[in-house]
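Engineer: Take this structure, written in structure tokens, and hold onto it; I'll ask about it next.
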Amino acid sequence: MKVKLTILGTGTFFVSKDQSASAYLIEANKKKILVDCGPGTLMRLSQIRVKPQDLDYIFITHFHPDHTSDLFPLVMNLRLNDFFSINKLLKYPQIYGPTGIYNFLLSISKISELPALDNWNEIKYTNIKSTQKIGNIEVKAFKVKHMPFGFSAQSYAYRFKFGNKIITFSGDCTGCPGVEKSCINADVFVCDTSYPKGKGNVAHMDTKYIGEIAQKGCVKKIILIHLYPQYADINLAGEIKESFSGEIVKGKDLLEINL
């Protein structure tokens, strides 16, 4: 099975012209899977000529805005298409996420005084399970630890298995068993690389820890994402190389990886 991964956004809340926030597109078995939908996602999708209605599945790692702020606008694209009857859509993406994913979007619609999702049931929302099958694709979710500002978020790492090919997304997390298990034998580990070594905390990993778990887990390739501009001058890949013998790629927006 041919698998193509496009890194749509490598940034954080610090969005720039070169870095939109967390979002990744997988294309495999004639399916398009979006993982996270931070600010700038719709623009990046348009740059590679992918429309919201082209998506088959959307997976959200956690609810923080740098991973979700384009999700409601994406859904509104589909809702407005129906409202204006532009073209009757033959399919709608299914959305998977932490418990309460539907109520999360419904709350945004009401807070923004745009209750367009009321009595509109075209999209199926699913609270993520530990193992999810979508066609012949297996998705495993691992609860991970992410506690920015002292608050524990519902955060997941996702492990996608396409035949014998594995892509893992760490989501946002600090060191924990969930992220360690998620990346075992991964062909590609799309990894939250927020901090250089010695700077890790209860919210994010650092490069020393990433290198150690990737080496122990026999990861083949690490893609560095969730990059803070404050550490742009630090050789994060070099720090990971101190304990990891596999391939390291510093992510950039619109980078394509074929497996």
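Engineer: Go through PHE13, SER109, ASN127 and say which Cα lies farthest out towards the positive end of the charge dipole of the chain; charges sit on Cβ, +1 for Lys and Arg, -1 for Asp and Glu.
Structural biologist: Highest projection toward the positive end goes to ASN127.
Engineer: Something else: Please compute P(r) over all alpha-carbon pairs of segment 3-258, binned at 10 Å starting from zero, and give each bin as a whole-number percent.
Structural biologist: The distribution over segment 3-258 is 7, 33, 38, 17, 5, 0, given as percents.
Engineer: Quick one: give the max-minus-min coordinate of the C-alpha atoms of segment 134-241 along each principal axis, largest first, in Å.
Structural biologist: 41, 31, 23
Engineer: Using only alpha carbon pairs under 8 Å that are at least six residues apart, calculate the relative contact order of the chain and give it in whole percent.
Structural biologist: RCO, the chain: 18 percent.
Engineer: As a quick test, which of the pairs LYS165/LYS241; LYS4/LYS133; LYS88/LYS143 have an alpha carbon distance above 31 angstrom in this structure?
Structural biologist: The answer is LYS88/LYS143.
Engineer: If you don't mind, there's one more thing I want to ask. Ranked from highest to lowest mean number of other Cβ atoms within 10 Å per residue, what is the order of the peptides 206-212, 92-98, 168-174? Spell out each step's value before the answer.
Structural biologist: Values: 206-212: 22.6, 92-98: 21.0, 168-174: 27.3.
My ranking of the peptides, most packed first, is 168-174, 206-212, 92-98.
Engineer: Sum up the charges of everything whose Cβ sits under 13 Å from the Cβ of GLY40, counting Lys and Arg as +1 and Asp and Glu as -1, but leave GLY40 out.
Structural biologist: Net charge in that neighbourhood comes out at -3.
Engineer: Give me, ordered by chain and number, the residues 5 or more places off SER20 or on other chains with an amide H under 5 Å from its own placed amide H.
Structural biologist: THR10, GLY11
Engineer: Using 0.36 nm per residue of separation minus the Cα-Cα distance, give me the extension gain between LYS216 and ASN77 in nm, one decimal.
Structural biologist: Numbers: separation 139, 0.36 × 139 = 50.04 nm, distance 4.31 nm.
Contour length minus Cα-Cα distance gives 45.7 nm.
Engineer: Follow-up question, since we're still on this one. Counting other beta carbons within 10 Å of each Cβ, put PHE160, PHE63 in order, fewest first.
Structural biologist: PHE63, PHE160
Engineer: Here's another thing I want to ask about it. What FRET efficiency comes out for LYS4 versus GLN53 if R0 is 25 angstrom and r is the Cβ-Cβ distance? Round to the nearest 0.05.
Structural biologist: About 0.85, to the nearest 0.05.
Engineer: While we're looking at this one, here's another question. Roughly speaking, what is the stretch gain from ILE184 to SER16, that is 0.36 nm per residue apart minus the C-alpha to C-alpha distance, in nm to one decimal?
Structural biologist: 57.2 nm
None of the figures in this text is laboratory data; all of them are computed from the coordinates on show. As the structure is a computational prediction, the values presented were derived from the model and not from experiment. Every residue, glycine among them, receives a Cβ derived from its backbone with ideal geometry; neighbour counts consider all protein chains shown.
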